[in-house]
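The values are calculated or read from the model by the stated rules, or taken from the named source; none is laboratory data. Just so it is clear, the model here is predicted, and its values are computed rather than measured. FYI the Cβ positions are ideal-geometry reconstructions off the backbone, even for glycines, and counts take in every protein chain you see.
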Amino acid sequence: MKYFSFGGGVQSMAVLVLSAQGKLQYTDFLFSNVGDDSENPDTIVYVRDVAVPYAERHGLRIHHIQRERKPHQAQTLLQDAWNDNANIPIPVYLTGGGPASRNCTSEWKVKVIERWMRKNAGATKENRVALGVGISVDESHRMRTDDPEREPYIYKEYPLIDLMMTRSMCHDVINKAAIPVAPKSSCWFCPFKRKSEWSRMRQTHPELFEKAIILEQRMNAKRAKAGKDSAYLTATGLPIDKAIAAASRDMFDDDEDPMACESGYCMT
């Protein structure tokens, strides 16, 4: 059995298709859902209606896993961001433009998958188990050097890097399999979105954009009460409703924001 961190996006779906075709050997795909209220709703639908049925048709398994619930602990990442704590778990941008510390990937992805691997794959510190991650060649800067101190139960494989595949090539693999291409996967309120992605959300999912405005206001109310400076969901240093203009022309603004999630567990 071989394991893969399944993010629900283009690269992850390409690895699933390549495994179904026998070109890769992954059999078990781990989808760590940070919460149906937190993940991109299009990703939730895609995984349920496209990815899982495709995997089942080809004898593969997608395991839907979530953070274990404990007393007085948030059940979803959105709840964690909304709670009364002034320390925000997601990578917001501070007033000066720099990123705040975050624990969303570690607490809601890495540790959840590691716990599953310990229970179900026999992973120990002495017997670390391989976990595939969907980083493609054009995003190779997101690769990390193996570090047993940071991830003591797993070591990462990068199958798309080994195959020299780009994100565009992943699109081609999915198209040739005659299945819909996966949407961009991430939490709908993730500050690592491009401006164009925020603009698209404002156009296509206005209800989520309004929730993002409310969440940002909630976070800043908590920070103000604790005597901390403001924090934002974009790197502009402005509230998101002012940073992302309503004009449709912003949908074609593809400037990359200066930060990106380097883990490989998200946005793949």
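Annotation: VAL110 fulfils all but one of (1) closer than 27 Å to HIS205 by Cα; (2) β-branched (Val, Ile, Thr); (3) not in a loop (DSSP other than H, G, I, E, B); the unmet one is (1). Restricted to region 49-66, and to residues there that are hydrophobic (A, V, I, L, M, F, W, C) and not in a strand (DSSP E or B), the residue that is surrounded by the most Cβ atoms within 10 Å (Cβ to Cβ) is ALA51. When each of TYR54, TYR3 is tested for being within 19 Å of PRO159 (Cα to Cα) and among the hydroxyl-bearing types (Ser, Thr, Tyr), the lone residue that passes is TYR3. If you go through region 113-135 and keep only what is more than 15 Å from the chain's Cα centre (by Cα) and assigned to a loop (DSSP other than H, G, I, E, B), you end up with ALA121, GLY122, ALA123, THR124, LYS125, GLU126, ASN127, ARG128. Can you tell me how many residues within region 199-243 are basic (Lys, Arg) and assigned to a loop (DSSP other than H, G, I, E, B)? Residues flagged as basic (Lys, Arg) and assigned to a loop (DSSP other than H, G, I, E, B) within region 199-243 amount to 1. Contact map, region 149-171: residues that are closer than 21 Å to ALA14 by Cα and at pLDDT 95 or above paired with residues that are part of a helix (DSSP H, G or I) and hydroxyl-bearing (Ser, Thr, Tyr), Cβ distance under 7 Å, separation 6+ or inter-chain. Pairs shown: ILE161/SER140. Residue check: ALA55 meets all listed conditions (1) in contact (Cβ under 8 Å) with a residue 40 or more places away in the chain; (2) closer than 25 Å to ILE174 by Cβ but one, namely (1).
Go through region 1-48 and count every residue that is part of a loop (DSSP other than H, G, I, E, B) and among the acidic types (Asp, Glu).
Filtering region 1-48 down to residues part of a loop (DSSP other than H, G, I, E, B) leaves 1-2, 6-9, 21-27, 33-38, 40.
If we keep only those that are among the acidic types (Asp, Glu) as well, we get 36-37.
Total meeting the criteria: 2.
Hey, could you check region 172-183 for residues that are in a loop (DSSP other than H, G, I, E, B) and either touching a residue at least 40 places away in the same chain (Cβ under 8 Å) or charged (D, E, K, R) (or both) and say which is surrounded by the most Cβ atoms within 10 Å (Cβ to Cβ)? Reasoning before the result, please.
So the first thing to find is which residues in region 172-183 are in a loop (DSSP other than H, G, I, E, B), and the list is 177-183.
If we keep only those that are either touching a residue at least 40 places away in the same chain (Cβ under 8 Å) or charged (D, E, K, R) (or both) too, we end up with 177, 179-183.
Numbers: ALA177: 16, ILE179: 17, PRO180: 13, VAL181: 16, ALA182: 25, PRO183: 16.
Checking each candidate, the answer is ALA182.
Scanning region 64-74 for residues that are modelled with pLDDT under 85 and not charged (D, E, K, R) yields PRO71, HIS72, GLN73, ALA74.
A count restricted to region 53-67 and to residues that are touching a strand residue (DSSP E or B) at 6+ places or on another chain (Cβ under 9 Å) and of a type in the set (Lys, Arg) stands at 2.
When you look at ASP229, is it over 30 Å from TYR3 (Cβ atoms) and modelled with pLDDT under 95, yes or no? First the steps, then the outcome.
Numbers: over 30 Å from TYR3 (Cβ atoms): yes; modelled with pLDDT under 95: yes.
When the stated conditions are applied, ASP229 passes them.
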